[in-house]
Amino acid sequence: MARRVRVSTWYARAAGRLLKRGSPRADAIGRTTRALAAADDLPGPSDYEAKAHPIGRAWVRRVGGRNLWLWYRFTDEEVVLVTVTIEPPVPSDDEH
């Protein structure tokens, strides 16, 4: 069963600045979000934990074909979209 997706206020603000509805960037974020929600196991093989700017610790997934990074947190029931950035995050010290 897919996880429900919750959007943080921080994500909504960042997405509002970076994405225009119906744009290729917005479509790419939508595909990435759907993939996160449908994933059997998180984090995915290409996801990594990062910390520091802008939100502290979270998992990060690069949006395919785009200079966008989607920061998220998750539980068994939901994926929380924390923010989206145009700069790659700093990996955590205990990166796997």
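The values are calculated or read from the model by the stated rules, or taken from the named source; none is laboratory data. Keep in mind that this is a model prediction, so the values were computed, not measured. Neighbour counts are summed over all protein chains in view; Cβ atoms, including those assigned to glycine, are modelled from backbone coordinates with ideal geometry.
Taking the criterion of being surrounded by fewer than 16 Cβ atoms within 10 Å (Cβ to Cβ) and either in contact with a Leu (Cβ under 6 Å, 6 or more places away or on another chain) or closer than 17 Å to Arg6 by Cβ (or both), the residues of the stretch 57-85 that qualify are Thr75, Asp76, Glu77, Glu78. When Arg61, Arg31 are screened for being at pLDDT 95 or above and in contact with a Ser or Thr (Cβ under 7 Å, 6 or more places away or on another chain), only Arg61 passes.
Within the stretch 1-47, the residues that satisfy the criterion of being part of a loop (DSSP other than H, G, I, E, B) and farther than 20 Å from Thr75 by Cβ are Leu19, Lys20, Arg21, Gly22, Ser23, Ser46.
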